[in-house]
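> Let me begin by handing over the structure; questions about it come next.
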Amino acid sequence: MSAALLVFGYTLAVAWSVPVLLSRLTRQGISARLGLAAWLTAMASVLASAGAAVALLAGAAIAGWPRLAEAVCRSVAGRACTPVVYRSAAFEVPLGAAAAIATLTAAVLAWRYGRAMRKAGRRTRAHAEAARITGRRLPAGGDGDGGTGRQAGSGATVVLDVPQPAAYCVPGRPAAIVLTSGALAVLDRAQLGAVLAHERAHLAGRHHLLISLSRGLTTSFPGVPVFTRGPAEVARLAELCADDAAARRSGRPALIAALLAMGTGAAVPAPALAVTSGAVTARVRRLLDPPRRGRHARYGLALITVILLLAAMSGLVIAFAGPLAAALA
Amino acid sequence: MRGFGDLESVIMHMVWDHGCAVTVRELFDELRDERSIAYTTVMSTMDNLHRKGWLAREKDGKAYRYTATASREEYSARLMREALDGGGDTEAVLSHFVAQMGGAESEVLRTVVGRLTRGDAPLGRPPAREARK
């Protein structure tokens, strides 16, 4: 019982304190890839140690059922609680039912999570198919790659005849990168290369998976900082990772120009998404003012330390949860 | 080289370009000029597109005449709508190159563009340093 509480306490401490630390370390997007890894590690480690705590609790409950029943009974009924009462069906049945309801709730949450994921997957596949059929293939070499508009693993690049500039990727097998004719109109060859490199980085890094998996956690665990802040940070850092990949591939000036062209060209009123306001400006500023090497190394080192610590602690918790429980029992 | 999915796209574009109802035979004759392809492949592809709701067909004698259920523009517009405000589900999985921006941010970016094109802020130098000048 006390081992479970210990693990549970550790879980809560990580879930509440690590987001504060990571927000600071990743705010400026220095070492975006390590920052992304650190947020994912934090979420996974909280999940793992919470799972270990629940397993310990369940194990203790099953092993010490008579004592647990007695304890619960005494806390409710005090001295009136006699073995006749707490061994009776009238007491044990509701307690068992409560445990069953808790298990069932967890199962329903997991099932709904899975169903939402599958539904999103179906919609995405349908969208990708429709885009592939409706769009025209990007003319060969048009992406500054000398390629055929088709690259291993990234599927087809298609152009939709829409005046408004837009570019996005649709994950799936095969994935698709969708550009509008409006985007082609405002981008030159190098800028188009940067846009495509950015989208390919999303697909290659499976960012959609990271983002949708972590968003699902927000709905399952409302109010837990690591899960309420994590997903937005994962989405933001994934964007910065893709920017870094595009800057490496096409150069910072081309990427900045592409961001400005696409950003200001897309004069579409979208009040619903105004919450993302500032994100593009932040990306441009970050590209204009890249961190010096020393800072890069310091932030990288700090992030690696956090990742290793979190991983080591969850490993320890899972490996030694059983023996710890035995020792404390 | 091109897969089956590509053939669906090629056929839809041909149907759209035709503008009127076409038979499998007509499309097959056109396609045969540019690639080696079997009549049955064209037929089953068009049958697939009909099943998926892209093509409508009407019996005309022994053959079917196919028409697109919606124009290319309508499909493009529908896709754009879904991509831009498709609700939580698709928003999560489609990674846009730039997020939709409010008027204020658009304004800020325009200022940055203006500064860049005037040449007093070379790329790669922090905006802060420019302000001090």
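The values are calculated or read from the model by the stated rules, or taken from the named source; none is laboratory data. A quick note: this is a predicted structure, and the numbers were derived from the prediction, not measured. All Cβ positions, even for glycine, are placed from backbone atoms using ideal geometry, and neighbour counts span all protein chains on display.
> Among residues belonging to segment A:281-307 that are in a helix (DSSP H, G or I) and touching a Lys or Arg at 6+ places or on another chain (Cβ under 8 Å), point out the one that is farthest from the other protein chains (Cβ to nearest Cβ). Show your work before the answer.
Quick first cut of segment A:281-307, residues in a helix (DSSP H, G or I) only: A:281-288, A:293-307.
From what's left, touching a Lys or Arg at 6+ places or on another chain (Cβ under 8 Å): A:287-288.
Numbers: A:Leu287: 8, A:Leu288: 6 Å.
Looking at the filtered set, the residue picked out is A:Leu287.
> Of all residues being aliphatic (A, V, I, L, M) and farther than 12 Å from B:Met14 by Cβ in segment B:30-74, which is nearest to the other protein chains (Cβ to nearest Cβ)? Just the residue, please.
Here the residue is B:Ala70.
> Then there is this: Yes or no: A:Val268 β-branched (Val, Ile, Thr) and modelled with pLDDT of 85 or more?
Details: β-branched (Val, Ile, Thr): yes; modelled with pLDDT of 85 or more: no.
Judged against the criteria, A:Val268 is not a match.
> Going through segment A:285-328 one residue at a time, which ones are within 30 Å of A:Ala254 (Cα to Cα) and either in contact (Cβ under 8 Å) with a residue 60 or more places away in the chain or in contact with a helix residue (DSSP H, G or I) (Cβ under 8 Å, 6 or more places away or on another chain) (or both)?
A:Arg285, A:Arg286, A:Leu287, A:Leu288, A:Asp289, A:Pro290, A:Pro291, A:Arg295, A:His296, A:Tyr299, A:Gly300, A:Leu303
> Taking only segment A:229-242 into account, find how many residues are more than 10 Å from chain B (Cβ to nearest Cβ), touching a helix residue (DSSP H, G or I) at 6+ places or on another chain (Cβ under 8 Å) and not basic (Lys, Arg).
Number of matching residues: 6.
> Restricting to segment A:173-190, count the residues that are surrounded by 20 or more Cβ atoms within 10 Å (Cβ to Cβ) and more than 15 Å from A:Ala245 (Cβ to Cβ).
Of the residues in that region, 8 qualify.
> What's the number of the condition B:Met101 fails, among (1) at pLDDT 75 or above; (2) surrounded by 14 or more Cβ atoms within 10 Å (Cβ to Cβ)?
For B:Met101, the exception is condition (1).
> For the subset of segment B:7-38 comprising residues that are within 17 Å of A:Gly135 (Cα to Cα) and of a type in the set (Val, Ile, Thr), which member is surrounded by the most Cβ atoms within 10 Å (Cβ to Cβ)?
B:Ile11
> Between a residue in segment A:54-74 that is crowded, with 17+ Cβ neighbours inside 10 Å and any residue that is among the charged types (D, E, K, R), which pairs come within a Cβ distance under 7 Å, given they are 6 or more apart or on different chains?
A:Ala69/A:Glu92
> If the requirement is being modelled with pLDDT under 80 and touching an Asp or Glu at 6+ places or on another chain (Cβ under 7 Å), which of these qualifies: A:Ala77, A:Ala69, A:Ala61?
A:Ala69
> Give the number of residues within segment A:1-47 that are farther than 23 Å from A:Ala245 by Cα and hydrophobic (A, V, I, L, M, F, W, C).
So the count comes out to 20.
> Among B:Leu94, B:Leu84, B:Leu123, which is touching a helix residue (DSSP H, G or I) at 6+ places or on another chain (Cβ under 6 Å) and either under 30 Å from A:Thr218 (Cβ atoms) or modelled with pLDDT of 75 or more (or both)? Reasoning before the result, please.
Details: B:Leu84 fails: touching a helix residue (DSSP H, G or I) at 6+ places or on another chain (Cβ under 6 Å); B:Leu123 fails: either under 30 Å from A:Thr218 (Cβ atoms) or modelled with pLDDT of 75 or more (or both).
So the residue among B:Leu94, B:Leu84, B:Leu123 that is touching a helix residue (DSSP H, G or I) at 6+ places or on another chain (Cβ under 6 Å) and either under 30 Å from A:Thr218 (Cβ atoms) or modelled with pLDDT of 75 or more (or both) is B:Leu94.
> May I ask you to list the residues in segment A:173-200 that are closer than 26 Å to A:Arg118 by Cβ and outside any strand (DSSP E or B)?
A:Arg173, A:Pro174, A:Ala175, A:Glu199, A:Arg200
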